[in-house]
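Q: Can you keep this structure in mind? I'll have questions shortly.
The values are calculated or read from the model by the stated rules, or taken from the named source; none is laboratory data. Please read these numbers as outputs of a predicted model, since none were measured by experiment. So basically every Cβ, Gly included, is an ideal-geometry build from the backbone, and we count neighbours across all protein chains shown.
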Amino acid sequence: MSISLDGFVAGPNGELDWIFRSMDENVEAWQLENIWQAGVHIMGSRTYYDMVSYWPMSTEPIAAPMNAIPKVVFSRKGDVNVTGGAATTTALKDAMKQRPIQEGGSQGLGNWADTRIASGNLREEVLRLKQEPGKDIFAHGGAGFARSLIGQGLVDEYRLLVHPVALGMGLPLFAALERSLDLQLVRTTLFKNGAVGKTYHPVS
């Protein structure tokens with residue numbers, strides 16, 4: 001996840017315009033390398049609607065793994081329209097403004113239409129996914145979904161892209177903690193534009 005220096009993953013209304021100011025080809029190459037390591041993408045329903053409205057039409061390199069790797073969307077209601085068409089967020093508007101969809105870029109919905117829906121108990125659903133064979137589970141958000149995963153101790157590794165900006169206010173990543181969370185820094189990637197890729201493991 002992208003995160004500001006002061007711990008926010010989005011502005012107060014879900015704004016993501018600030019992340020694009022420190023994006024370059026090296027940062028995007030790091031993101032692409034990481035995303036291809038996923039065996040499945042998991043996300044909340046609002047983030048899902050943003051992504052299904054964007055990635056199938058995108059020609060960016062990151063679109064390839066986003067479209068190819070299977071998805072699981074978490075929704076308590078269980079009535080997600082996996083082909084999209086629902087209301088989207090400020091984050092999508094910011095992405096579309098910074099990275100407009102090119103005409104003729106659509107590759108079709110691909111396996112977005114085969115997205116699995118998880119509507120049961122969050123912990124039980126995630127633990128069930130962890131028992132399945134395959135590569136890593138990548139959680140994309142949104143902020144509330146990510147906080148729920150963190151709050152229940154379900155995150156085994158944090159891959160954070162820290163942007164050189166302080167927002168002052170917004171949607172925090174670690175607000176659901178009931179007690180402090182100790183993390184061990186296991187990998188750091190520095191970028192010339194000031195962004196830093198950091199990988200942490202929770203300390204048992």
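Q: If you check A118, A139, A166, which single one turns out to be surrounded by 15 or more Cβ atoms within 10 Å (Cβ to Cβ), within 19 Å of S4 (Cα to Cα) and in contact (Cβ under 8 Å) with a residue 24 or more places away in the chain?
A: Matching residue, one of A118, A139, A166: A139.
Q: Out of segment 152-163, which residues are surrounded by 16 or more Cβ atoms within 10 Å (Cβ to Cβ) and either farther than 15 Å from L183 by Cα or at pLDDT below 95 (or both)?
A: Of everything in segment 152-163, those that are surrounded by 16 or more Cβ atoms within 10 Å (Cβ to Cβ) and either farther than 15 Å from L183 by Cα or at pLDDT below 95 (or both) turn out to be L161, V162, H163.
Q: Keeping to segment 17-37, report how many residues are buried (at least 20 other Cβ atoms within 10 Å of the Cβ) and under 26 Å from V80 (Cβ atoms).
A: Number of matching residues: 1.
Q: Is it the case that some residue within segment 54-74 is out of contact with any strand residue (DSSP E or B) (no Cβ under 7 Å at 6 or more places or on another chain), among the charged types (D, E, K, R) and more than 23 Å from V162 (Cα to Cα)?
A: No: segment 54-74 contains no residue that is out of contact with any strand residue (DSSP E or B) (no Cβ under 7 Å at 6 or more places or on another chain), among the charged types (D, E, K, R) and more than 23 Å from V162 (Cα to Cα).
Q: Has segment 126-143 got at least one residue that is at pLDDT 95 or above, among the aromatic types (F, W, Y) and not in a loop (DSSP other than H, G, I, E, B)?
A: Yes, the conditions are met somewhere in segment 126-143.
Q: How many of the residues making up segment 153-194 are of a type in the set (G, A, S) and either in contact with a strand residue (DSSP E or B) (Cβ under 9 Å, 6 or more places away or on another chain) or under 24 Å from D24 (Cα atoms) (or both)?
A: Matching residues across segment 153-194 total 5.
Q: Just name the residue that is farthest from F20 (Cα to Cα) out of those in segment 169-204 that are β-branched (V, I, T) and surrounded by 14 or more Cβ atoms within 10 Å (Cβ to Cβ).
A: Applying the filter and picking the extreme gives T199.
Q: Among the numbered conditions (1) within 30 Å of R179 (Cα to Cα); (2) in a helix (DSSP H, G or I); (3) modelled with pLDDT under 95, tell me where L92 comes up short.
A: Among (1) within 30 Å of R179 (Cα to Cα); (2) in a helix (DSSP H, G or I); (3) modelled with pLDDT under 95, L92 violates only (1).
Q: Now for a different question. If you take just the strands (runs of 3 or more DSSP E) that sit entirely in segment 1-78, which of them hold at least 2 residues that are within 30 Å of G120 (Cβ to Cβ) and of a type in the set (G, A, S)?
A: 38-44
Q: Further question on the same structure: Taking into account only those residues within segment 180-204 that are of a type in the set (S, T, N, Q) and in a loop (DSSP other than H, G, I, E, B), which is modelled with the lowest pLDDT?
A: S204
Q: Another question, if that's okay. Checking R123 against (1) more than 15 Å from S2 (Cβ to Cβ); (2) within 16 Å of the chain's Cα centre (by Cα); (3) at pLDDT 95 or above, which single condition isn't satisfied?
A: Evaluating R123 over (1) more than 15 Å from S2 (Cβ to Cβ); (2) within 16 Å of the chain's Cα centre (by Cα); (3) at pLDDT 95 or above leaves (2) as the failure.
Q: Are any residues in segment 110-136 β-branched (V, I, T) and over 22 Å from A175 (Cβ atoms), and if so, which ones?
A: If the condition is that a residue be β-branched (V, I, T) and over 22 Å from A175 (Cβ atoms), then T115, I117 are the ones that fit.
Q: Further question: Looking at L149, L154, L177, can you tell me which residue is outside any loop (DSSP other than H, G, I, E, B) and among the aliphatic types (A, V, I, L, M)?
A: On inspection, the qualifying residue turns out to be L149.
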